[in-house]
Amino acid sequence: MQLNELLGAIEILNDRQIEPLEITEVSYHSQKVKKGDLFVCVKGYKTDGHKYLGDAVKRGAVAAVVEDFQEDMDIPQYIVKNSRVALAKLSATFYGNPSKKLNMIGITATNGKTTTSYMTNAILENEGRRTGLIGTVVIKNGDKTIPAELTTPESLDLQRYLNDMVQNDVTHVTMEVSSAALELHRVEAVEYDVVSLNNMSKEHMEMHGTFERYFEAKSSLIRNASEHSYAVLNLDDQYSASLVDKTKATVISFGVNNKNGYIHCKNLDLTTGRGKFTVEILKPFEANGMKFSPSEFDIELAVPGLHSVYNAMVAIIISLISGARIPTIQKTLKEFSGVPRRFEFIYEDEIKVVDDHFANPGNINVTLQTLDFMDYDNLQLVYAIRGSRGATINRENAEVVVEWADKLGINEIIATRSISHTTDKDRVTDDEVKAFTDVMEKANIKVRLYDELPDAIKDALSRAEKGDLVLLAGCQGMDYGAGIALEALNKENVEVQ
């Protein structure tokens, strides 16, 4: 692509004449630069791309987009206000604005982005669409998948993936949109057809600083949606509900408790942990030329948890908007087995064992609310304390557990540092342990603290009796919990036989 055509997508602040150059590729990583590239100097949290402009020039960069002019560089430099925004727009232009050629679905939330996107993708696949999926776990392009490195890729990589999907005849792309991606302008040049914000609770304060800034980043997906798009909003969540009149998109609102939206989840049964409910269309609406009249249909979920009900409601509405038939939706959700570590039943015999990532107050609240709906005798809770995330998040997580303690009969918790099952970046500090145990002590809840994850799980399993439920709860520190528990249970069963 010619440089003048490429730079036409951004605002240049200096008067530098645009050279008649042919650009081979756009790059933001100096070590990946090849001869003929346009190099964009991006300022990051850990480093500044301007430091590597000299290296990029040595490797063959023929022009650069910068925020700060670099002296003694023998290539033209074009100054912009924000190089991240510039990178997003340049990337989209270089790859021919692929999002305009796809049905783009953007899903954000504090909790449930991955499960909701997988549900949506499964429904659309079963409806016969050729699908793409971009998120925490994988990048899926039709029949091909590669492991994901970020929840939402950097803008250049994202536009390349989308272009590859266009070339591979993909029609519908479902993607998780993280708060980091929104704040760092990774999705700046993506045009969405459907967007959703399901829930909001405290998370990622280390990046955003305040909850207000976190919400501002998250909500921008909805607030910046075009008048040609649809926004799926959850009226049971005050933050999602507050956006109903803050977007140009056509809003399709829903609720489980709230009946003021277009769609309602009624007759919810969670006694087994797996939701059965009726989707009730309360008000007529139109989407993509299709008319939906007041009606209802039943849903059975294979995945457990109250949060799965909310995730499913979003996936159902997005799928209806995208033209999926109700029988396809019903069949898919009855068979959808879920995403690992999202309230996952890993063992169901005389006792039940559930594995859940228990990451933040919002996630913990909905997990414990699900337990309140379920039938079981006693709860054995094993919690892996969050490591290297600060005392605040551990204190807030503990406070949510305390709020549910009386209802769920929690008077003792098994906690673990998971020393041998975490890396340095997830190591639990003494302050984090103290923040958690102080809250428990104040609530008169005994904590049985173990250094190692297997010891904590062994303790819980030894205490569990017929009819009990064991909850393996925690983020990185509990990632190996399911395997440890299943190995112990299988060994126990062999010895009993």
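Couple of notes before you dig in:
- Degrees, to the nearest 10: 113-126 long Cα axis against longest axis of the chain: 80
- Remark: relative contact order (the stretch 411-497) = 35 percent; criterion is Cα-Cα distance under 8 angstrom and separation of 6 or more residues.
- Contact order normalised by residue count of the stretch 1-154, Cα under 8 Å, 6+ apart, percent: 16
- When +1 charges are put on Lys and Arg Cβ atoms and -1 charges on Asp and Glu Cβ atoms, the dipole computed for the chain relative to its Cα centre reaches about 980 debye.
- Measuring between their Cα centroids, the stretch 10-33 and the stretch 303-317 lie 45 Å from each other.
- Where GluC sites (Glu not before Pro) fall in DSSP loop in the stretch 114-157, at most 14 other Cβ within 10 Å: Glu149
- In degrees, nearest ten, helix 326-335 long axis to first principal axis of the chain (Cα): 60
- Think of a 1.4 Å ball rolled over the protein heavy atoms: the stretch 192-292 then has 46 Å² of accessible area per residue.
- When you restrict to C-alpha pairs under 8 Å that are six or more residues apart and normalise by the size of the chain, the relative contact order lands at 10 percent.
- In degrees, nearest ten, helix 453-463 long axis to first principal axis of the chain (Cα): 30
- Ellipticity estimate at 222 nm from DSSP helix runs (n ≥ 4, -39,500 (n - 2.57)) divided over the chain, nearest 500: -10500 deg cm²/dmol
- Whether the stretch 55-94 is rounded, prolate or oblate, judged on the alpha carbon gyration tensor where a/c under 1.5 counts as rounded: oblate
- Inter-part distance where the stretch 322-367 and the stretch 122-194 are each reduced to a Cα centre, Å: 22
- Using the Cβ-Cβ distance between Glu149 and Phe373 with R0 set to 35 Å, the FRET efficiency works out to roughly 0.45.
- Split the accessible area of the chain by element, probe 1.4 Å, and carbon with sulfur accounts for 45%.
- Full-stretch length increase - Thr429, Gln167 - with 0.36 nm per residue and alpha-carbon distance subtracted: 89.5 nm
- Where trypsin sites (Lys or Arg not before Pro) fall in DSSP loop in the stretch 369-446, at most 16 other Cβ within 10 Å: Arg427
- Accessible surface computed residue by residue for the stretch 412-486, with neighbouring protein chains in place and a 1.4 Å probe, gives 47 Å² per residue.
- Approximating the spin labels as points 7 Å out from Cα along Cα→Cβ, the Glu19-to-Lys35 distance works out to 1.5 nm.
- Solvent exposure ordering (accessible area, 1.4 Å, most first) of Thr271, Thr115: Thr271, Thr115
- Trypsin sites (Lys or Arg not before Pro) lying in DSSP loop within the stretch 267-348, provided at most 16 other Cβ fall within 10 Å: Arg325
- Correct option for percent of Cα pairs over 44 Å apart [calculated from the coordinates] among (1) 21; (2) 13; (3) 7: (1)
The values are calculated or read from the model by the stated rules, or taken from the named source; none is laboratory data. Owing to the predicted nature of the structure, the values given are computational and were not obtained by experimental measurement. Heads up, the Cβs are rebuilt from the backbone with ideal geometry, glycines too, and the neighbour counts pull from every protein chain shown. Quick note on the areas: whole protein, heavy atoms, side chains included, nothing else; ligands and nucleic acids left out. Shrake-Rupley method; radii C 1.70, N 1.55, O 1.52, S 1.80 Å.
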